[in-house]
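Here the structure is laid out as structure tokens; the discussion comes afterwards.
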Amino acid sequence: MTRVTLESIIGFYTLIALIPVCAVLIAKFPSHWNRVFAWYLGMMMGLIDLAAKEAQVSVVLLFSFGMFLGFVEKKRPWVPAVLLGIWIPLAHLVSYVTGGPEQFLTEGLGSAIAILPSLAGCYVGRILRRRASGEGEQMTLKEKTLDSPPNRRASR
């Protein structure tokens, strides 16, 4: 059995074994479901990137997953981006430490920029959420005058 086949089998069964772990974490911390989901998707992306010959697949998936996770994140869109993007360099590091290809200095360290597509996706998702919900709209003139402090000269 080749090393690549063994990595694929171990990675696949690890992801399968982590599904109940994610379910328990989501049950215990329901408000953090998107972060648990980002962690799981990040691990999956690390395994996909190890098997991918080109970076385009990983970049598109990181951006897409990041956009959806950024859309549901209410306060800090950078958190799911980090949880999503950190697993690609970690997967390359683990592969190198366990006797993987000697390309770690070129591909493994270069994969540290995987955080950028996930960050971009999360912030695009956050912008889309603000547009869709109207959070970022300007106040009307009537609302501004109702919210402004009273004029002191008029009350004298």
**Request:** Work out the FRET efficiency for T5 and A112 from their Cβ-Cβ distance, taking R0 = 22 Å, and round it to the nearest 0.05.
**Result:** 0.25
**Request:** Report, in whole Å, the centroid distance computed from the Cα atoms of the range 4-26 and the range 83-100.
**Result:** 15
**Message:** With the cut-off at 1.5 for a/c, could you classify the range 1-132 from its C-alpha gyration tensor as rounded, prolate or oblate?
**Reply:** oblate
**For the range 37-42, 3J(HN,Hα) per residue [Karplus equation, 6.51 cos²θ - 1.76 cosθ + 1.60, θ = phi - 60°, Hz, x = Gly/Pro]** = 5, 5, 4, 5, 4, x
**Fill in**
Once phi for every residue in the range 27-36 is put through the Karplus expression 6.51 cos²θ - 1.76 cosθ + 1.60 (θ = phi - 60°), the whole-Hz ³J(HN,Hα) values, with Gly and Pro written as x, are 5, 6, 10, x, 6, 10, 4, 5, 6, 5
**Burial ordering of S8, S31, S95, fewest other beta-carbon atoms within 10 Å first** = S31, S8, S95
**Prompt:** Tell me, M1, M43 in order of fewest to most beta-carbon neighbours within 10 Å?
**Reply:** M1, M43
**Request:** Could you list I10, I48, I16 in order of exposure, starting from the residue whose Cβ has the fewest other Cβ atoms within 10 Å?
**Result:** I16, I10, I48
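No value in this document is a laboratory result; all are computed from the given coordinates. Remember, predicted model here, so these are calculated numbers, not experimental data. Positions of Cβ are generated from backbone atoms using ideal geometry, with glycine treated the same way; all protein chains shown enter the neighbour counts.
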